[in-house]
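A.B. asks: I am attaching a structure below and will ask some questions about it afterwards.
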Amino acid sequence: MDKKRVVVTGMGMVSPCGDSVEKVWDKIINGDHLFSKLDSKRAKETSISLAGEIPELNTEEYFSKREARKMDKFVQYAMIASTQAIKDAKLNLDSIDNHRFGVIIGSQFGGVHTWEEQMHLLYDRGPKKVSPFFIPMMIVNMATGQVSMNFGAKGPNNTPVTGMCSGSNAIGDAYNQILNNSADIMLCGGSDAAISSPLLGGYMSQGLVSNKENGNYICQPFTEESSGFVMSEGSGVLLLESLDHAKERNADIYCEIVGYGSSIGLDKESATPSVKGMVTSVESALMDAQLDFKSIQYINASGIGVASLDSRELDSLKSLLEKYEHDLHISSLKSVIGNFMGASGAIDSIISINTLHHDLIPCDVYPSYESIDSLILDQEISESLEYVLNNTIDLSGFNTSLIFKRWRDNE
């Protein structure tokens, strides 16, 4: 039996600049970051001034106010991004086999806003004031569940919880469901709304969140100025289909997913992510794609702005380049978009797909900052791309690698 081929036919995103993939891409190309001032109460509680916080969205296009009151923000974002992906793919839900339609949406933290709100009610007014919707709004698998119920998806369904890799693991797992002929269509990605005082405070106490404003930019991956990440909130969702299913309905195709790898690696002594684990993830994706590393032209690196993690990621990439005697382009976009936590891998994947679609590689390092290595792009490049590698690395040692291939209509 021939191996199934998996293609991307729809994309959706919710970010601090609105409910649009195009708006984020425009920000990246123009070098405009997504960050804004935190509200004064939260800024005072955490001593953090900027974050990629989503302003109040008009959600009535997607669900009623009554429905919204029963959904945490991370679920709302996943619902909106999923709706966009289905619309973008021009998928008629009435004409598909619902039992061959699945949903996998990862999240790192789940309903943090609900948790924070209900804890205040508990301590201030007692347990009888805690909402009966607290548990179903807070649990981390509710984005997957709500999206599945809303769109009638009755196929494969789960929720990866692998830190910042949650969204990219969701895409990889969905890809495998189609490869294994368990589904024809999968909605997949990640969603998080983690900007809360307890989480910001926790990361701040670990020295992982940047609070240093240097001009307009406070997050500088792979630079001497690196001082931590900026937390963002949002959701990224892809609609995947088997190539046969997409062709049968004459769908427009963004790209093909050809490889997926994942690993976990922690150094025992330092309890930090290992270079070997990162390399293993990339090589697993290459093996899955049956592809030589020299075919990869661009790596969208994880690069979150935490010096210890960024330097290890750079060491892993150098190791691969030396082993396979290959030069390519590398950048990370976290100084513009921030760290979307459990949605990071999914949103980065959408950006990687856009590089293929637009033949344009954006840069992350600005001229006023000195990169710690000449491998990292300091200017955007226009280039015809065939294969792009998207890497996601979590501080806990999880690693995920996805390989996207340009789609040509004559295939």
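A.B. asks: Quick one: which residue in GLY261, GLY228 is in contact with a strand residue (DSSP E or B) (Cβ under 9 Å, 6 or more places away or on another chain), touching a residue at least 60 places away in the same chain (Cβ under 8 Å) and within 21 Å of THR159 (Cβ to Cβ)?
C.D. replies: GLY261
A.B. asks: Looking at (1) in contact with a His (Cβ under 8 Å, 6 or more places away or on another chain); (2) crowded, with 21+ Cβ neighbours inside 10 Å, which is the one condition that is false for ASN300?
C.D. replies: Answer for ASN300: the failing condition is (1).
The rows are residues; the columns are (1) within 20 Å of SER242 (Cα to Cα); (2) not polar (S, T, N, Q).
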site	(1), (2)
PRO136	no, yes
VAL140	no, yes
ASN150	no, no
MET164	no, yes
LEU179	yes, yes
ILE185	yes, yes
SER191	no, no
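A.B. asks: Can you say whether LEU395 is among the hydrophobic types (A, V, I, L, M, F, W, C), within 18 Å of GLY338 (Cα to Cα) and either surrounded by fewer than 22 Cβ atoms within 10 Å (Cβ to Cβ) or modelled with pLDDT of 80 or more (or both), as far as the supplied structure shows?
C.D. replies: Working: among the hydrophobic types (A, V, I, L, M, F, W, C): yes; within 18 Å of GLY338 (Cα to Cα): yes; either surrounded by fewer than 22 Cβ atoms within 10 Å (Cβ to Cβ) or modelled with pLDDT of 80 or more (or both): yes.
It is true that LEU395 is among the hydrophobic types (A, V, I, L, M, F, W, C), within 18 Å of GLY338 (Cα to Cα) and either surrounded by fewer than 22 Cβ atoms within 10 Å (Cβ to Cβ) or modelled with pLDDT of 80 or more (or both).
A.B. asks: In this structure, does SER274 turn out to be among the hydroxyl-bearing types (Ser, Thr, Tyr), touching an Asp or Glu at 6+ places or on another chain (Cβ under 7 Å) and over 30 Å from MET138 (Cα atoms)?
C.D. replies: Spelling it out, SER274 is indeed among the hydroxyl-bearing types (Ser, Thr, Tyr), touching an Asp or Glu at 6+ places or on another chain (Cβ under 7 Å) and over 30 Å from MET138 (Cα atoms).
A.B. asks: Here is a list: ASN181, ASN150, ASN169. Which entry is over 26 Å from SER232 (Cβ atoms) and either outside the structural domain of ASP394 (by TED's automatic domain parsing) or assigned to a helix (DSSP H, G or I) (or both)?
C.D. replies: On inspection, the qualifying residue turns out to be ASN181.
A.B. asks: Could you grab the pairs with beta carbons closer than 7 Å, sequence gap of 6+ or different chains, first residue in the range 272-285 and assigned by TED's automatic domain parsing to the domain that holds LEU309, second one in a strand (DSSP E or B) and of a type in the set (Val, Ile, Thr)?
C.D. replies: Taking only residues 6 or more apart or on different chains, the pairs are PRO273/ILE393; GLY277/ILE264; MET278/ILE393; SER281/THR400; ALA285/ILE403.
A.B. asks: Now for a separate question. Out of the residues in the range 18-40 meeting the condition of being in contact with a Gly (Cβ under 9 Å, 6 or more places away or on another chain) and buried (at least 20 other Cβ atoms within 10 Å of the Cβ), tell me which one is farthest from PHE404 (Cα to Cα).
C.D. replies: PHE35
A.B. asks: Being free of Cβ contacts under 8 Å to residues at least 40 places away in the same chain and either under 16 Å from LEU238 (Cα atoms) or touching a Phe, Trp or Tyr at 6+ places or on another chain (Cβ under 7 Å) (or both) is the filter here, so list the residues in the range 21-47 that pass it.
C.D. replies: GLU22
A.B. asks: Continuing with this model, one more query. I need a count of the residues in the range 309-358 that are under 11 Å from the mean Cα position of the chain (by Cα) and polar (S, T, N, Q).
C.D. replies: Count: 4.
A.B. asks: Among the residues of the range 365-385, is any at pLDDT 90 or above and not charged (D, E, K, R)?
C.D. replies: The answer is yes; a qualifying residue exists.
A.B. asks: Out of everything in the range 235-264 that is over 28 Å from SER284 (Cβ atoms) and either assigned to a strand (DSSP E or B) or among the acidic types (Asp, Glu) (or both), what residue ends up being nearest to the chain's Cα centre (by Cα)?
C.D. replies: Filtering the range 235-264 for residues that are over 28 Å from SER284 (Cβ atoms) and either assigned to a strand (DSSP E or B) or among the acidic types (Asp, Glu) (or both), the one nearest to the chain's Cα centre (by Cα) comes out as ASP252.
A.B. asks: Give me the pairs, please: first residue somewhere in the range 380-407 and farther than 22 Å from GLY305 by Cβ, second residue anywhere and aromatic (Phe, Trp, Tyr) and part of a loop (DSSP other than H, G, I, E, B), beta-carbon distance under 8 Å, and either six or more positions apart or on two chains.
C.D. replies: TRP407/TYR254
A.B. asks: If I go through the range 71-92 residue by residue, how many of them are of a type in the set (A, V, I, L, M) and out of contact with any strand residue (DSSP E or B) (no Cβ under 8 Å at 6 or more places or on another chain)?
C.D. replies: Of the residues in that region, 2 qualify.
A.B. asks: In addition: May I ask you to list pairs of residues, at least six apart or on different chains, whose Cβ atoms are under 6 Å apart, with the first in the range 110-138 being in contact (Cβ under 8 Å) with a residue 60 or more places away in the chain and in the same structural domain as ARG69 (by TED's automatic domain parsing) and the second being of a type in the set (Gly, Ala, Ser) and part of a helix (DSSP H, G or I)?
C.D. replies: Sorted first by the residue in the range 110-138, then by its partner, the list stays empty.
The values are calculated or read from the model by the stated rules, or taken from the named source; none is laboratory data. What you are looking at is a predicted structure, and each value in this text was computed from that prediction instead of being measured. Here the Cβ is made from the backbone with ideal geometry for all residues, glycine too, and neighbour counts use every protein chain on show.
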